[in-house]
Amino acid sequence: MSHEFLTLIDRVREQSPLVHNMTNVVVTNFVANGLLALGASPVMAYAKEEVAEMVSIANSLVLNIGTLREPEVEAMIIAGQAANEKGVPVVLDPVGAGATPYRTNTVKRLLSEVNISLLRGNAAEVANVIGEEWQTRGVDSGTGEGNITDLARMAAQKLHMTVVVTGKDDVVSNGEESIIISNGHPLLTKVTGTGCLFSSVVGAFASVETNYLLAAAGASAFYGAVAERAILATGDQHVGTFQMEFLNQLMLTSSSDVVDLAKVSIAEVTSI
Amino acid sequence: MSHEFLTLIDRVREQSPLVHNMTNVVVTNFVANGLLALGASPVMAYAKEEVAEMVSIANSLVLNIGTLREPEVEAMIIAGQAANEKGVPVVLDPVGAGATPYRTNTVKRLLSEVNISLLRGNAAEVANVIGEEWQTRGVDSGTGEGNITDLARMAAQKLHMTVVVTGKDDVVSNGEESIIISNGHPLLTKVTGTGCLFSSVVGAFASVETNYLLAAAGASAFYGAVAERAILATGDQHVGTFQMEFLNQLMLTSSSDVVDLAKVSIAEVTSI
Amino acid sequence: MSHEFLTLIDRVREQSPLVHNMTNVVVTNFVANGLLALGASPVMAYAKEEVAEMVSIANSLVLNIGTLREPEVEAMIIAGQAANEKGVPVVLDPVGAGATPYRTNTVKRLLSEVNISLLRGNAAEVANVIGEEWQTRGVDSGTGEGNITDLARMAAQKLHMTVVVTGKDDVVSNGEESIIISNGHPLLTKVTGTGCLFSSVVGAFASVETNYLLAAAGASAFYGAVAERAILATGDQHVGTFQMEFLNQLMLTSSSDVVDLAKVSIAEVTSI
């Protein structure tokens, strides 16, 4: 496997893909600004009356259930099915799956009614989606014991899609091949929406690279490099300033920075 | 025409008008903070049960369809009609008009059921509102070919209201007179909500000046000066830091700064 | 009364309580980031299908009516009643009570159907809740004449709960004892959501201290110290930078900083 995926940000900036986000009310501003900063074009649209048409002009669709309610869920299904018809890749972020039955069931419903291309969650969320035990608490608790490489591969095999499990390390797996990116930093857990924005960044990368394993690995390596550069600039104690520096670095981090900073390892291919 | 409108920010700060915003979920925090920073008083209220009463104590109403849904549209009509009864000026920001039929039709509905005082959009949005051809993509794409001075004047004549077309240059027209403010900067397109906040700033200025041509031109000149000072402080590569500096400068930019920085030209009056 | 409540932030950081927020769309990002920065765990959930289960794993519930609508109000009642059953403390922030009848009536409804532990508002809002005259305008106008210590005590007695009236001074009262914290700063009124975030901080502190008078006084002293340190760093003219520095200081301000900076006075106990 070549590491050309480390330079995918160049393609994102050239093509400036339109990413249709149906995300939660907590992070919508941060997601829009993050996508703008890195060079993509965000659009947010939620009304069932328009999502099918909006997604048909988009290059990817990101569904995030962070503050889901019935009208959003219905619109997500309409948008997801329209995306499927048009061949637009769909990213699902199952925020807080497992925290309440409503979230768990909504994820099941989305997975059964929409053909999802990529699932992006923390370990607890992904484990919940495939019915594995993992400790969860609220919507932010993805820490816990267990081998996340196994988890990512197992989820990818079971769900027949590319899966990204994020945390201290990010693991991307399509069920056959898995890539580990080890650029995580705990300060990211102190800023709301860094996970949600990452899901939308995965959407941007999947807009320009149809091999979703590489798209997601490229997104992860880019995002990790951005975080590292931001922390270098602000230290790890200034969580407010870090937010703004993170946006700065989404614009400033080049593909050669990613190549320099990415800590990539390829997990052995496990025969299925 | 005197250029006294360049100092309207002083009047805004003296009177601290209450601006009732019905805006989209992406930008609501930025709009509220922006209005507070410059010296106005924002209020956000969306429930059909209360918008008529809220707008009756407000000095202007700003309707923004960025993430519209039926409940918001219904509430906007209630609020708009109550504003009309009380003589409260109404600004409409037709975000993404043309991107989907739902947006296009909602704008038509708002224009037919509410007496709008000012329309503020980018060229593609304004063109869509009056049924002219313009290239659009998503909700942020206002670039394209065409003479925006003609567009603004034509829209003002057709719609019988003051129209503000923003972009590299801003053009304000009431159909008879047009003012061009040439303080735009591309970095503004990299921060979500700068257009939406501007519409609300137009609302603040229209609260203190009943000649809406002058109110909007004053708002544009002020906003351009703020952007220019913010970019001077942060450079054009630090999009996160710029956001915060932009809020700083909304507070710090004085009317004499506006007079110094504004690049104003008066378009020739075209006989109708 | 000892002043041990000044060090309650240590307990918050040790226990990292899960604070379930049902807040308004303007401030949700700022509230989540503020709680994360100080060491609590925020969760935002609004769907009537899940709020009862979400609050049952939370350590406190914060209800904020800033941009209320019927679906939110119904969900707040479900969540509040579930919190009551589980013994989870409930904070109510009656944003803009008095600005419209809908807000006034919704507060009445919440107070009658949910057992509220703490009420946090500005003077005008708290006065409205207990039917006292106070001047109001929009949702941010808490200034006005009157003795806020009397107001806080009167409200606490009438409502049978702990009441926090914030402004230049904060007054916390349980109807028998009142504590005054004099660390307010006018710049806080220029950043949207500082009051809403404070209500959620009160929720975090009430999660770790069942004497709500002390919990709220501790939250107020901590919050005042944070503001003071942030203003020291940024000056009082840079409202954008201040926002980010405020988040920084929510993380950096220690209990000994609070002890150093808090301006606490104990109001005399008035026989009832």
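Taking A:R103, A:R69, A:R153 as the candidate residues, the one with maximal mean-square fluctuation in a Gaussian network model of chain A, Cα springs under 10 Å, is A:R69. With contributions of -39500 (n - 2.57) from each DSSP H run of at least four residues, the per-residue ellipticity at 222 nm computed over chain C stands at -15000 deg cm²/dmol. Here the protein assembly as shown is treated as a Stokes sphere of Kirkwood radius computed over C-alpha pairs; at 10 °C and 1.306 mPa s its diffusion coefficient rounds to 59 µm²/s. The H on the amide N of A:S178, modeled in the peptide plane, is under 5 Å from the matching H of A:A267, each at least 5 residues off or on a different chain.
With label points defined 7 Å past Cα in the direction of Cβ, position A:Q15 shows copy-to-copy spacings of 5.1, 5.1 nm, given to one decimal and shortest first. Between this copy and the others, label points of A:H185 are 2.6, 2.6 nm apart in ascending order, each placed 7 angstrom from Cα in the Cβ direction. Mean per-residue shielding of peptide A:64-71 is 4, counting Cβ atoms of other chains within 10 Å of each Cβ.
Sorted shortest first, the distances from the B:S254 label point to those of the same residue in the other copies are 4.2, 4.2 nm; each point sits 7 Å from Cα along Cα-to-Cβ. Dipole of the protein assembly as shown computed with +1 at Lys/Arg Cβ and -1 at Asp/Glu Cβ about the Cα centre; of A:S178, C:S117, A:T28, farthest Cα towards the positive end is C:S117. Remark: the range C:210-226, residue by residue, has Karplus-estimated 3J(HN,Hα) of 7, 7, 5, 4, 6, 4, 5, 5, x, 4, 5, 5, 4, 4, x, 5, 4 Hz, where x stands for each Gly or Pro and the curve is 6.51 cos²θ - 1.76 cosθ + 1.60 at θ = phi - 60°.
Placing one equal scatterer on every Cα of the range C:96-249 and applying the Debye formula, the log10 ratio I(q)/I(0) at q = 0.10, 0.14, 0.19, 0.21 Å⁻¹ is -0.34, -0.66, -1.18, -1.38.
Quick one: net charge around A:A225, please, counting Lys, Arg +1 and Asp, Glu -1 for every other residue with C-beta under 14 Å from its C-beta. Every neighbour counted, the sum reads -4. Only beta bridges with both residues in the protein assembly as shown are counted; by DSSP, about 35 percent of them are antiparallel.
Evaluating 6.51 cos²θ - 1.76 cosθ + 1.60 at θ = phi - 60° for every residue in the range C:169-181, the Karplus couplings come out as 10, 9, 10, 10, 9, 10, x, 10, 10, 9, 10, 10, 10 Hz, glycine and proline recorded as x. Normalising the Debye intensity of chain C to I(0), with uniform scatterers on Cα atoms only, and taking log10 at q = 0.13, 0.14, 0.15 Å⁻¹ returns -0.76, -0.90, -1.05. Taking Cα centre as origin and charging only the Cβ of basic (Lys, Arg, +1) and acidic (Asp, Glu, -1) residues, the dipole magnitude of the protein assembly as shown rounds to 400 debye.
Dipole of the protein assembly as shown computed with +1 at Lys/Arg Cβ and -1 at Asp/Glu Cβ about the Cα centre; of C:A233, B:G96, B:G131, farthest Cα towards the positive end is B:G131. With Cα atoms defining each centre, the range C:210-272 and the range B:1-76 are spaced 30 Å apart in the structure.
Heavy-atom accessible area with a 1.4 Å probe sorts B:R120, C:R109, largest first, into C:R109, B:R120. Annotation: amide H-H contacts under 5 Å for B:N122 (H modelled 1.01 Å from N, sequence separation of 5 or more, or interchain): B:T166.
Provide the net charge surrounding C:N183, with neighbours chosen by a C-beta distance below 9 Å and charges set as Lys +1, Arg +1, Asp -1, Glu -1. Write out the running numbers ahead of the final one.
Working: positive: C:K263; negative: C:D169, C:D170, C:E228.
Net local charge, C:N183 excluded: -2.
Under a Gaussian network description of chain C, with springs only between Cα atoms under 10 Å, the residue in C:P94, C:P186, C:P17 that fluctuates furthest is C:P186. Annotation: the antiparallel percentage among DSSP beta bridges lying fully within chain B is about 35.
Under 18 Å of direct C-alpha separation, and excluding same-chain neighbours fewer than eight residues apart, A:K168 reaches these lysines: A:K190, A:K263. Under the convention that each Lys and Arg Cβ holds +1 and each Asp and Glu Cβ holds -1, the size of the dipole of chain C around its Cα centre is about 320 debye. In order along the range A:10-22, phi translates into HN-Hα couplings of 4, 5, 4, 5, 5, 8, 6, x, 8, 9, 8, 9, 10 Hz, rounded to whole numbers, per the Karplus curve 6.51 cos²θ - 1.76 cosθ + 1.60 with θ = phi - 60° and x for Gly and Pro. Taking chain B as a Gaussian network of alpha-carbon nodes connected by springs under 10 Å, the highest mean-square fluctuation of the residues B:G235, B:G34, B:G218 belongs to B:G235.
Nearest 0.05, what FRET efficiency do A:I266 and C:S254 give at R0 = 51 Å with Cβ-Cβ as r? With R0 = 51 Å, the Cβ-Cβ based efficiency is 0.70. In the complete set of protein chains, residue-level accessible area for C:Y212 is approximately 60 Å², probe 1.4 angstrom.
Working note: Cα gyration tensor of the range B:170-272, eigenvalues times five, square-rooted, sorted largest first, giving semi-axes of 25, 14, 13 Å. Projected onto their three principal axes, the Cα atoms of the range A:1-121 cover extents of 40, 32, 28 Å, largest first.
The values are calculated or read from the model by the stated rules, or taken from the named source; none is laboratory data. All of these numbers come straight from a predicted model, not from anything done at the bench. For neighbour counting, all protein chains shown are included, and Cβ atoms are generated from backbone atoms with ideal geometry for every residue, glycine included. Heavy atoms of the whole protein, side chains included, go into the accessibility calculation; ligands, DNA and RNA do not. Shrake-Rupley method; radii C 1.70, N 1.55, O 1.52, S 1.80 Å.
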